[in-house]
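Every read-out reported here was derived from the displayed coordinates using simple, explicitly stated rules and does not represent laboratory data. In this text the structure is predicted, and so the values were computed from the model without any measurement. Positions of Cβ are backbone-derived with ideal geometry, glycine not excepted, and every protein chain shown enters the neighbour counts.
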Amino acid sequence: MARLTSVLAATLALTCSVVRGHFELTYPSPVGELNEDDESTGPCGGYTPDLETIETTDFHVGGDSIAVSTSHPQAYWLYRFTFDNNATASPAENWTQTYPIVLQEGINSFCQPDVTIPEKYIGRKAVLGVVGKASDGMLYQCAAVKFVSGTGQTPDACTNSTGVSASFADDSELASLVGNGESAGNATTTASSTPASSTPTETETETPGAGVATYGSIQGPGSLVVVAFMVIIGAGLMA
């Protein structure tokens, strides 16, 4: 009985770790290493970037990419930026939305290309924030960027895994994280539209099974939990 109890405890721990998904910002380069325990801490997943000293990534105002890898089969995405050097203490009104809220469906790599910024910000450094909202709450990642002229080339990280799709959506909780004033770039697109170049058929598509290694074999969190449960229980009963 004691062995069975320990087996059940291990299974429960594994279940919790799988159900609690996360995402990783793959482009632009994120601020700091991914810390899953702090990723729910806004606005930058536990980090406080210093724009005066941190290395920045050029972000082209004519259109550039924001890419993530995600273990959530469905998530809403908010893209925003602030010029505040202390982004951690920056109120919502100091954050500017730079693209409509996007609903992504499908696991692994997801990229939104053609994100634009007003040209008047060329030459300025900013904290680019990505907020993902899924069934287990909101998660945060940031990048330190410098807005530059022109249109960026599509980075290698900008791929959409097979089965990933996206559409514009409304979400009042995410909308409350930005100011009500000027929206940047193409954020005025209506929610009924389809994000430009956001579907796997419109950007580089990964071959089946070639997704991010962490999630590449996962067809859904539930299936992994079931398989793990069967394996662990079987091992416990045979011992």
Subset tally (residues that are surrounded by fewer than 17 Cβ atoms within 10 Å (Cβ to Cβ) and within 16 Å of the chain's Cα centre (by Cα)) for region 156-166: 1
Within region 138-175, which residues are among the polar types (S, T, N, Q) and more than 24 Å from Glu93 (Cα to Cα)? Ser149, Thr151, Gln153, Thr154, Thr159, Asn160, Ser161, Thr162, Ser165, Ser167
